[in-house]
Each structure stands twice: as structure tokens, then as C-alpha cells.
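Each remark here refers to the structure printed beneath this line.
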Amino acid sequence: MEYKIAVISGDGIGPEITREAEKALAKVGQNYGHRFTFNHVLAGGCAIDEVGQCLPDETLKACRDSDSVLFGAVGGPKWDDLPGEQRPEKAVLGLRESLGLYGNLRPALLFPELEDACPLKPEIIEGGLDIMVVRELTGGIYFGDKGLCETENGPGAYDVEIYTEREVERIARFAFLMAMKRNGKLTSVDKANVLESSRLWRRTVNKVAKDFPEVELSHMYVDNAAMQLIRNPKQFDVIVTSNMFGDILSDEASMIAGSIGLLPSASIGEGTFGLYEPIHGSAPDITGKDMANPIATILSAAMMLRYSLGLSSEADAVEEAVRVFLREGYRTPDIMSNGMKQVGTREAGDIIAESIHR
Ligand code: NAD
């Protein structure tokens, strides 16, 4: 099969890490008889420098014409003094909005080989961890009515949390399907004891649950979920939650992995289209030093294979190659520890690509 992938390398370490993910995909292509064509397009600071805007129309068009998008990172000190509306990071929100990316998937994955890097106690994380946080991305308080107001106690401000049944149903359905592909457990996180929007969330999730009798659904208040993620993270398989709760819980869950350089993410839209990116930023402090960990981006490419291109065995092969890399003791500087072999970005990418087998 032939697959068209738009690649937005972006700024800072972006080009260094997307290059290694492309290498892994090319190896998958070789081994499995697929053809991946990479269409490199601009967004972020480099786009501001070249064409005067962070998200050129041409880039959006290229994304829409592709099966999927691989994204590196945008931003950096060079553009930090620009006003908010003109900053490179606006490209990320613009892409989500223009491409209708309504759901964000963030696996919090702890490889057993990296248990040392996890801040939780060994007995809590023994054998590794694998949680998937599904966050609603285009609704809720970040998109509700907001403003300043006068109150009887002086100046105030408000942000409205609003969800429609349609929005909740769409993300819930996605999360149930995800749970079915994994261990069949879904935890829906809300604040239904206080918020009306959360009560609608819970009612709607319960309604969708009727179509997925094989999934074990539970509900949890967000304050308890924040605590349980630290106390007993192994109880979770898939977590589904609103935009703001997901923003906070997915960052908390990502700490489990030990380094920001290891965690992939996906933003999904209608059908199979998606945008895949590491959760970290452009890391200006290590740009051009061959120090960036490419694993988060390579695992993002694996998520693309699985969720957008329907190539699960190929995704498994990439994930296994990352495990082999770690098992054989290779480490980039961010996860280096005693007795391991330190390698740079390029060599790490080479070793992982070489370890992809059919
Ligand atoms: P960052 O994630 O870029 O870096 C935080 C720390 O983690 C740094 O010390 C960095 O060296 C390290 N790090 C990040 N990725 C790494 C990797 N792959 N391997 C090894 N170490 C890694 O966050 P920041 O410093 O707050 O932001 C830098 C720039 O990135 C800013 O302009 C910010 O706005 C932007 N940013 C962009 C995105 C995005 O494009 N989606 C996300 C977050 C931040």
C-alpha cells in the first residue's frame, strides 16, 4: 500500500527527531512492502521566517491531502518576543481547529527497562505501566464563553465549561473502541458531584456504554483520579475525560515514564485522520547537539501506523524495536544511567530502525 504523510518538522530539535521517525517508517515500508511518501511542509517559527505566518494555507492543504501528519515541535527563543497571536505555538492550535482534531491520545507508558527513571516507588510500578489517556480536545472550558465582569465585590472574570451530548458521545465512543483494543477497562473522569456539565458527561458516557457491553466502565471524580494515578496507577487501562481535566491528568500520568523524550501522542479527527507528535517541545537547549531522544517521535509514528493506517503488526514491530534498543542498554543522554551505552539522536534512530523486523 502507498501512504501519504505530511511531515511538519518545525523548530529546534523538530527536524532531528522527525528525521529518525521517518527512518523507522521507511524500514517498516521495506520490511512490509508499503510505500510511505513524506511531504515536508512548514509550520511554526521556521514558517514565520520563510513566509511570514506560522501556519501557511499550503501546509493545511498538504495535511488535508495526506493520510496522516507527523509533527515535530514548534517554538523557540528567537520568536519569544512576538505577541501571542503571532507566536509559532499558535500553529498547534490552528492545526487542531482546522483539521477537526477532537481527541487527544496520550499513552503513559513505563518500559520495565526504565523503572529507575520513574519517580514512583518500585513496588507500585513493578513490571512497567501502560495507561492511555483519551482527552476531549475541542470543547469544554477552553472554548466556552469567557470574559471580564463587574461583580458586587469588584472586578471578576469567568470561563464557561460547556459540553454538548454530541461532543461527549463522540469522544466516549472513541474511548470505548480504544478500551476494546486494549484490556477492556475504561475509567471516565469527571466532577459530577459538583458540575452540571460533568453530570451530562456521565449520563452520556453511560448511554454510549450500552453499545459496548464487553467494556468494564467505571466513573471517578477528578480529584480522586489525580490521587489514584500516584497511589495505584496499575488499576487504569483507558481514561477518558474532558479537555481541562485531561490536560492536567495527562501531564501527571506522563511523569510516570521518567523522561519527556519518551512519550508519544496522537490527535485524532473524523475517520482515520490524525496528527502524531511527541509530547515535548522544541528543546532549544539541546538543539543541534545530537542529544535529543527520538523515541517519543518514533513511538508517535507507531501510533500513526496503528490508529490512522490500520497497520497494527507494523506498529508492534516499531514498539518492539524501541524495547530491544532499551533492553540492549542503549540510552540517549536524557535517560543515561550507570553501565549503559550512551548514543546520540542519529545513532539511536539507526539502531531502532535496524531492530525493526517483520
Ligand atoms: P521542552 O519540552 O522543549 O523542553 C523541556 C526540557 O526537556 C528541556 O530541558 C529539554 O532539553 C528536554 N527535552 C525535551 N524534549 C526532549 C527530547 N526529545 N530528548 C531529550 N530531552 C528533551 O519544553 P520548553 O523548554 O518549555 O519549551 C521549549 C519551546 O518549545 C518553547 O518555545 C515552547 O513554547 C515550545 N513547545 C512546543 C510544543 C509543541 O510544539 N507541541 C510543546 C511544548 C512546548
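Observations on the model:
- Qualifying residue in region 165-186 (condition: in a strand (DSSP E or B) and modelled with pLDDT of 95 or more): yes
- Of the residues making up region 90-107, those that are surrounded by 19 or more Cβ atoms within 10 Å (Cβ to Cβ) and within 13 Å of the ligand (Cβ to nearest atom) are 90, 91, 92, 95, 101, 104, 106.
- When we screen 343, 318 for residues that are within 18 Å of residue 111 (Cα to Cα) and among the aliphatic types (A, V, I, L, M), the only hit is 318.
- Considered as a group, the residues in region 265-316 that are within 16 Å of residue 335 (Cβ to Cβ) and among the β-branched types (Val, Ile, Thr) include one that is nearest to the ligand (Cβ to nearest atom), and that residue is 286.
For every residue, the table says whether it meets (1) surrounded by fewer than 18 Cβ atoms within 10 Å (Cβ to Cβ); (2) within 16 Å of residue 250 (Cβ to Cβ); (3) not polar (S, T, N, Q).
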{"position": "165", "(1), (2), (3)": "yes, no, yes"}
{"position": "172", "(1), (2), (3)": "no, no, yes"}
{"position": "183", "(1), (2), (3)": "yes, no, no"}
{"position": "190", "(1), (2), (3)": "no, yes, yes"}
{"position": "198", "(1), (2), (3)": "no, no, no"}
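- If you go through region 268-300 and keep only what is modelled with pLDDT of 95 or more, surrounded by fewer than 24 Cβ atoms within 10 Å (Cβ to Cβ) and of a type in the set (S, T, N, Q), you end up with just 287.
- Scanning region 28-57 for residues that are assigned to a helix (DSSP H, G or I) and crowded, with 22+ Cβ neighbours inside 10 Å yields 28, 45, 46, 47, 48.
- Checked against (1) more than 12 Å from the ligand (Cβ to nearest atom); (2) within 24 Å of residue 303 (Cα to Cα); (3) of a type outside the set (Val, Ile, Thr), residue 20 passes all but a single condition, namely (1).
- Of all residues in region 116-154, those that are in a helix (DSSP H, G or I) and surrounded by 17 or more Cβ atoms within 10 Å (Cβ to Cβ) total 4.
- In this structure, residue 67 does not satisfy being over 30 Å from residue 329 (Cβ atoms) and within 16 Å of the ligand (Cβ to nearest atom).
The values are calculated or read from the model by the stated rules, or taken from the named source; none is laboratory data. The shown structure was predicted, so the numbers you read here are calculated from the model rather than taken from an experiment. Cβ: placed from backbone, ideal geometry, glycine included. Neighbour counts: every protein chain shown.
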